[in-house]
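The values are calculated or read from the model by the stated rules, or taken from the named source; none is laboratory data. It should be emphasised that the depicted structure is a prediction, and the values quoted were computed from it without experimental measurement. Positions of Cβ are generated from backbone atoms using ideal geometry, with glycine treated the same way; all protein chains shown enter the neighbour counts.
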């Protein structure tokens, strides 16, 4: 028979749980009491490298309204340009500058990102708390030796160790400036203006007005943004870290140097991603997604145990002695210039804006189309040689150490030009990829892609600069047009005449035009090559 008496262990556990519940309720009531005061914010105190900081979160609306650009610090007022919110740099102000100039052309893309992309995220911002007494040498907070007797941050601890508490952010005596995160501030302020007025003026870098606006109606139409969703954005929270403009025991000069040093360190440690790294991580750009898939899976490019890597994943260039075939950045450029003819809506609506991720079925279609292109490229004789030779021998010019073939197919810029031309031919002009590569294989066998450094080459003066004896990126678009021409894609006489003139101009070095025979001729004597 069971003992009717209660289990002592169960009673203790229940009492403990009830006590814990009551403690949480008491804590909630206390926090509610403290936090309902709008001049206080709950923060956690941190310390690193001798600098105390207070970490919390604020609404986007509060951030936009309460935080100022660092250029507005009283320290800078003599050099402050209210038109641009920047400091005018001269011999006097150069040592005082604590932040990079604001680029107002970035505001519109940031606002579009926040409003049109639901999974948006800004990292925390670093701000400085300043008080009016800082810039008054006679204030009571400075002692006779010019040393601060108190800090500009007013923190009230709520725990015995002083790690969690309330930070005074009262508008009466506190002014807050963004030290790191000024463009985030610019973006959030723009968002608030857009929501409030229904439109936002676009600006150039120096804050001169552009001739266009971002409008809520356009966002709703183009990105299917819900009006109620936009109205909810001001209540979203962003992380924020506060440091003091002046700490107790500092002189004004010491404080200025400390704040400036922190800014420099924050920016030095935050190394920007390379173009290749951006392609690796981008989950919004359809062209980048397709490029990654082909770079990692196509037999021409994929990593295989018995051979050296064929893709440079980080850098946008290929060194002379590198054994890679191309770069991830070049593959993305190829993807954009080839598939962009079929999927123009994959591109952002305007330059600088973030593209919207395509539907999965379109991405699969893009991968299939791009794979067909690389299957065809792999059939070219120059790439077949890769089974027996390394790329440096094929890439190098004849006059470089150990010599080489000077083959444009081993130069990323030429690979992009080829993809650009083929995209137009296949998706705009209706050419068959199979028929195109029948011609290109023959052209390749006859050396059409090799010997760029010789006048006999179509690419001399176009992709190869005879003066500087190196590849010239500026010739990419002309190279693409020449490829379209020799493959039969240009029929218009006027267009052909313009192309002939552009080719003659490209082969004119120091007012002397070089023919395909290597002779100096009149520009009119340079003709277009035969159609394949």
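Have a look at 108, 91, 139, 64 and point out the one that is modelled with pLDDT of 85 or more and more than 16 Å from residue 182 (Cα to Cα). Let's see the steps before the verdict.
Working: 108 fails: more than 16 Å from residue 182 (Cα to Cα); 91 fails: modelled with pLDDT of 85 or more; 64 fails: more than 16 Å from residue 182 (Cα to Cα).
Sole residue among the options that is modelled with pLDDT of 85 or more and more than 16 Å from residue 182 (Cα to Cα): 139.
Filter the range 494-519 down to residues that are at pLDDT 90 or above and part of a strand (DSSP E or B) and give me whichever is nearest to residue 462 (Cα to Cα).
508
Can you tell me which residue among 290, 264, 246 is modelled with pLDDT of 90 or more and not in a loop (DSSP other than H, G, I, E, B)? Lay out the reasoning, then the answer.
Numbers: 264 fails: modelled with pLDDT of 90 or more; 246 fails: not in a loop (DSSP other than H, G, I, E, B).
Matching residue, one of 290, 264, 246: 290.
So, in the range 153-209, how many residues would count as being farther than 19 Å from residue 235 by Cα and either assigned to a helix (DSSP H, G or I) or not assigned by TED's automatic domain parsing to the domain that holds residue 249 (or both)?
Counting residues in the range 153-209 that are farther than 19 Å from residue 235 by Cα and either assigned to a helix (DSSP H, G or I) or not assigned by TED's automatic domain parsing to the domain that holds residue 249 (or both) gives 2.
Please list, ordered by first then second residue, the pairs with beta carbon atoms under 6 Å, 6 or more apart or interchain, first in the range 353-367 and under 22 Å from residue 225 (Cα atoms), second modelled with pLDDT of 85 or more and assigned to a loop (DSSP other than H, G, I, E, B).
Sorted first by the residue in the range 353-367, then by its partner, the pairs are 355/285.
Inside the range 463-473, can you point out the residues that are within 30 Å of the chain's Cα centre (by Cα) and more than 17 Å from residue 405 (Cβ to Cβ)?
472, 473
Among the candidates 54, 80, which residue alone is in contact with a strand residue (DSSP E or B) (Cβ under 9 Å, 6 or more places away or on another chain), assigned by TED's automatic domain parsing to the domain that holds residue 245 and at pLDDT below 75? It would help to see each step written out before you state the result.
Numbers: 54 fails: at pLDDT below 75.
None of the other options fit; the residue is 80.
When the residues of the range 121-141 are filtered to those that are surrounded by 15 or more Cβ atoms within 10 Å (Cβ to Cβ) and free of Cβ contacts under 8 Å to residues at least 60 places away in the same chain, which remaining residue is farthest from residue 259 (Cα to Cα)?
It comes out as 141.
If we keep just the residues of the range 412-456 that are in a helix (DSSP H, G or I) and without any contact (Cβ under 8 Å) to a residue 60 or more places away in the chain, which is farthest from residue 519 (Cα to Cα)?
Going residue by residue through the range 412-456, those that are in a helix (DSSP H, G or I) are 412-428, 433-445.
With without any contact (Cβ under 8 Å) to a residue 60 or more places away in the chain added as a condition, the list becomes 434-435, 438.
Working: 434: 37, 435: 35, 438: 32 Å.
Ranking the qualifying residues of the range 412-456, first place goes to 434.
Tally the residues that are outside any loop (DSSP other than H, G, I, E, B) and in contact (Cβ under 8 Å) with a residue 24 or more places away in the chain, restricting the search to the range 376-399. First the steps, then the outcome.
Let us first name the residues in the range 376-399 that are outside any loop (DSSP other than H, G, I, E, B), namely 376-377, 381-387, 391-395.
Applying the additional criterion that residues be in contact (Cβ under 8 Å) with a residue 24 or more places away in the chain yields 376-377, 381-383, 386, 391-392, 395.
Looking only at that region, the number is 9.
Considering only residues that are closer than 19 Å to residue 67 by Cα and more than 14 Å from the chain's Cα centre (by Cα), look in the range 108-120 and name the one that is surrounded by the most Cβ atoms within 10 Å (Cβ to Cβ). Break it down into steps so the answer makes sense when it comes.
Within the range 108-120, the subset closer than 19 Å to residue 67 by Cα is 110-111, 114.
If we keep only those that are more than 14 Å from the chain's Cα centre (by Cα) as well, we get 111, 114.
Numbers: 111: 25, 114: 21.
Filtering first and then ranking leaves 111.
If only one of 372, 347, 401 is under 17 Å from residue 302 (Cβ atoms) and out of contact with any strand residue (DSSP E or B) (no Cβ under 8 Å at 6 or more places or on another chain), which one is it? Full working, then the answer.
Working: 347 fails: under 17 Å from residue 302 (Cβ atoms); 401 fails: under 17 Å from residue 302 (Cβ atoms).
When all the criteria are applied, what remains is 372.
So, in the range 142-179, how many residues would count as being crowded, with 17+ Cβ neighbours inside 10 Å and more than 39 Å from the chain's Cα centre (by Cα)?
Of the residues in that region, 2 qualify.
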